[in-house]
């Protein structure tokens with residue numbers, strides 16, 4: 001039982017933090033949002049830092065690092081509310097390296113690692129809401145592989161990505177496919193989401209697809225759980241900075257002739273924010289530490305973590321705006337952007353109520369970190 | 001980073017588990033598992049069993065006859081005791097006053113007082129709160145006047161937990177009214193059988209007398225019972241409060257009570273009521289999150305690499321969780337938690353409890369009793385002040 005970071009992990013944290021502080025200013029982010037919510041140049045800089053390669057196996061030109069390293073990176077990018085979706089690189093790396101046949105691995109993993117290929121999960125369907133076992137997309141054998149037909153919504157950076165990992169029905173069960181964005185039959189309609197990042201509606205009409213695995217649901221669950229762990233870590237970074245911004249503001253804003261940090265009603269609110277932050281940080285560690293556990297244990301842990309993180313994000317985000325007063329609801333001041341990021345992350349990969357249902361359904365007689 | 005305990009720590013856990021299994025009397029664990037009322041003999045009986053093994057002072061260093069366990073070992077010991085249904089160790093002797101005597105008492109005092117604490121023979125009480133000094137502890141007024149080789153003590157303490165059983169009492173007393181309130185306080189040990197000590201139990205909302213008023217009327221205390229220097233008592237008291245940081249969360253006991261809540265929910269038919277069950281699920285998440293927080297503190301203590309100054313958070317969350325499980329247990333029983341039949345809260349009651357499930361008898365009482373948790377040990381509002389201070393300055 002040890003929650004210290006290794007020296008390498010501390011160095012990784014420093015490197016990412018330095019890039020965020022110097023290379024990813026609020027002004028740059030604002031320009032990226034105005035330009036559509038995804039900045040390929042910024043993505044390439046993340047790749048240069050080695051972040052897209054972080055969890056890719058060394059055999060495929062990656063760095064072969066683990067869940068805790070990924071967590072450190074996601075936290076630091078969260079601190080800067082970075083728009084570019086590093087979680088997708090972790091997810092693609094995880095699914096491809098665990099489930100894809102050798103030829104798909106060697107064709108795609110090195111490109112994921114280098115950042116040359118942005119491979120994103122295209123999973124959301126209208127009727128599925130947060131359920132992973134609801135999938136109407138269909139695939140059928142075709143010349144040189146498969147043909148896939150589907151409508152997938154809110155696909156991260158969907159019109160900027162290079163390829164999609166897509167669940168679809170094959171012979172009555174969910175299988176997972178890889179489809180290139182530029183393939184025939186693929187159309188995208190991109191837009192900016194509530195936190196300023198980019199997503200797209202993606203339509204596949206008999207699009208040529210490569211089979212990743214017929215064990216699609218299990219692979220999809222691994223992808224989503226990898227996404228949940230990264231989201232939790234990102235949220236911790238966002239919240240950590242949100243609290244810091246709020247504290248700084250409260251110590252320079254004066255009303256009634258004194259700093260508002262002196263008012264007990266507000267101080268107690270900050271104590272409650274700190275509570276939510278530390279519970280969230282604890283459960284983010286828990287999520288990343290459980291990412292390698294057997295599927296049932298891993299799924300249960302992610303649900304618990306997301307319930308805590310969801311509650312924490314809601315509270316910290318809302319209270320940060322409230323404690324700022326009027327300036328908190330402006331677009332010009334930074335805190336509203338942190339609030340919006342937290343709002344979106346609560347929903348990502350399943351909201352609090354969804355995951356509470358998961359925890360509820362999975363409860364055993366005993367419970368705890370080790371049960 | 002690693003979630004698992006080391007093989008040595010696992011082996012330690014197994015050793016503790018086997019010993020507790022073999023030595024914890026079944027009639028005591030039965031009471032604890034069912035929230036039935038514990039007597040002085042139950043509490044002291046278990047204390048003496050631990051004392052004989054040398055584990056009552058489980059947090060003590062080897063030089064004072066303790067086992068010299070690490071923070072993780074202490075945590076595992078407490079967890080195994082809690083899960084097995086052991087009563088909570090009454091902390092005033094082994095957990096609270098002993099570390100002060102070790103740190104600030106002289107050799108004579110250590111020799112005189114520590115053995116009785118370690119064995120569980122001597123029951124200690126805490127003399128901190130007064131009618132006018134609750135959260136504002138530095139305002140204590142109980143006077144100790146030095147006359148020759150004695151102190152003459154006059155005043156009143158209150159909320160003295162289990163003081164009706166007390167043999168000895170450690171007290172914050174005022175020895176000076178000069179300077180800041182904190183600077184005139186001394187730490188004085190007092191024999192409760194002394195002439196002029198009156199203990200009056202206070203009946204609480206759960207029907208029990210868990211706390212007392214203690215009156216001092218010209219009580220003579222030998223000056224050799226003063227710990228450390230006169231007027232330095234506040235420093236010693238703060239040391240005491242900072243001692244033992246993780247057990248304040250009481251997460252192990254909450255894990256045990258979560259299991260009991262689930263049993264009650266099944267018996268009462270609300271386990272399959274999604275609205276009710278989701279409330280248990282929320283509590284389960286709270287408990288796992290608190291346990292992770294505790295483990296983080298333990299890890300930080302173990303490595304010494306980073307300090308986690310979050311004792312206030314542990315107290316707030318731990319106490320809220322205790323209140324919540326008691327509340328949910330009572331709500332699970334619904335109308336059958338209404339009958340308040342005190343005899344049914346004792347072990348061995350053979351009567352017919354309304355509705356037929358005697359396990360429901362103590363639920364309201366426990367719920368009432370645990371309202372104390374957000375008040376004692378520094379109210380949760382005071383804890384929020386402390387947390388805010390660390391965050392906001």
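The values are calculated or read from the model by the stated rules, or taken from the named source; none is laboratory data. Keep in mind it's a predicted model, so treat the numbers as computed, not measured. Counting neighbours? That spans all protein chains shown, and the Cβs are built from the backbone with ideal geometry, glycine included.
Things worth noting here:
- Single residue of A:301, A:271 found to be free of Cβ contacts under 8 Å to residues at least 24 places away in the same chain, at the interface with chain B (Cβ under 7 Å from one of its Cβ atoms) and surrounded by 23 or more Cβ atoms within 10 Å (Cβ to Cβ): A:271
- Which listed residue, of A:202, A:192, is surrounded by 20 or more Cβ atoms within 10 Å (Cβ to Cβ) and in contact (Cβ under 8 Å) with a residue 40 or more places away in the chain: A:202
- Lone qualifier among A:309, A:342 - being more than 23 Å from residue B:296 (Cα to Cα), touching a residue at least 40 places away in the same chain (Cβ under 8 Å) and either away from every other protein chain (no Cβ under 12 Å) or assigned to a helix (DSSP H, G or I) (or both): A:342
- Flag if residue A:137 is in contact (Cβ under 8 Å) with a residue 12 or more places away in the chain and out of contact with any strand residue (DSSP E or B) (no Cβ under 9 Å at 6 or more places or on another chain): no
- Number of the exception - residue B:307 against (1) touching a helix residue (DSSP H, G or I) at 6+ places or on another chain (Cβ under 7 Å); (2) surrounded by 15 or more Cβ atoms within 10 Å (Cβ to Cβ); (3) closer than 27 Å to residue B:69 by Cβ: (2)
- Test: residue in region A:246-261 that is more than 30 Å from residue A:220 (Cβ to Cβ) and crowded, with 24+ Cβ neighbours inside 10 Å: yes
- A single member of A:331, A:365 is more than 14 Å from every other protein chain (Cβ to nearest Cβ), surrounded by fewer than 20 Cβ atoms within 10 Å (Cβ to Cβ) and not in a helix (DSSP H, G or I), and it is A:331.
- Residue in region B:50-70 that is buried (at least 18 other Cβ atoms within 10 Å of the Cβ), out of contact with any helix residue (DSSP H, G or I) (no Cβ under 6 Å at 6 or more places or on another chain), away from every other protein chain (no Cβ under 14 Å) and not in a loop (DSSP other than H, G, I, E, B) present: yes
- Flag: residue B:386 matches the condition of being over 23 Å from residue B:76 (Cα atoms), in contact with a helix residue (DSSP H, G or I) (Cβ under 9 Å, 6 or more places away or on another chain) and in a helix (DSSP H, G or I).
- Any chance residue A:93 is modelled with pLDDT of 95 or more and over 18 Å from the mean Cα position of the chain (by Cα): no
- Lone qualifier among B:370, B:313, B:328 - being crowded, with 18+ Cβ neighbours inside 10 Å, under 30 Å from residue A:2 (Cα atoms) and either more than 14 Å from chain A (Cβ to nearest Cβ) or in contact with a helix residue (DSSP H, G or I) (Cβ under 8 Å, 6 or more places away or on another chain) (or both): B:313
- Filtered residues of region A:274-295 (kept if more than 10 Å from every other protein chain (Cβ to nearest Cβ) and without any contact (Cβ under 8 Å) to a residue 40 or more places away in the chain): A:294
- Total residues in region A:314-324, condition touching a residue at least 60 places away in the same chain (Cβ under 8 Å) and either over 16 Å from residue A:265 (Cβ atoms) or over 26 Å from the mean Cα position of the chain (by Cα) (or both): 4
- Residue count for region A:3-40, restricted to those that are buried (at least 17 other Cβ atoms within 10 Å of the Cβ) and either touching a strand residue (DSSP E or B) at 6+ places or on another chain (Cβ under 6 Å) or away from chain B (no Cβ under 14 Å) (or both): 12.
- Residues located in region B:125-167, provided they are assigned to a loop (DSSP other than H, G, I, E, B) and surrounded by 16 or more Cβ atoms within 10 Å (Cβ to Cβ): B:128, B:129, B:134, B:140, B:142, B:158, B:159, B:160, B:161, B:162, B:166
- Of all the criteria given as (1) buried (at least 21 other Cβ atoms within 10 Å of the Cβ); (2) under 30 Å from residue B:149 (Cβ atoms), the one not satisfied by residue B:229 is (1).
- Only listed residue being in a loop (DSSP other than H, G, I, E, B) and touching a helix residue (DSSP H, G or I) at 6+ places or on another chain (Cβ under 6 Å), chosen from B:94, B:87: B:87
- Residue ranges of strands (runs of 3 or more DSSP E) in region B:168-240 with at least 2 members in the same structural domain as residue B:136 (by TED's automatic domain parsing) and within 19 Å of the chain's Cα centre (by Cα): B:168-174, B:197-202, B:211-222
- Given (1) over 27 Å from residue B:261 (Cα atoms); (2) away from every other protein chain (no Cβ under 14 Å); (3) in a helix (DSSP H, G or I); (4) out of contact with any helix residue (DSSP H, G or I) (no Cβ under 6 Å at 6 or more places or on another chain), number of the condition residue B:8 does not satisfy: (2)
- Residue in region A:239-256 that is more than 9 Å from chain B (Cβ to nearest Cβ), out of contact with any strand residue (DSSP E or B) (no Cβ under 8 Å at 6 or more places or on another chain) and part of a strand (DSSP E or B) present: yes
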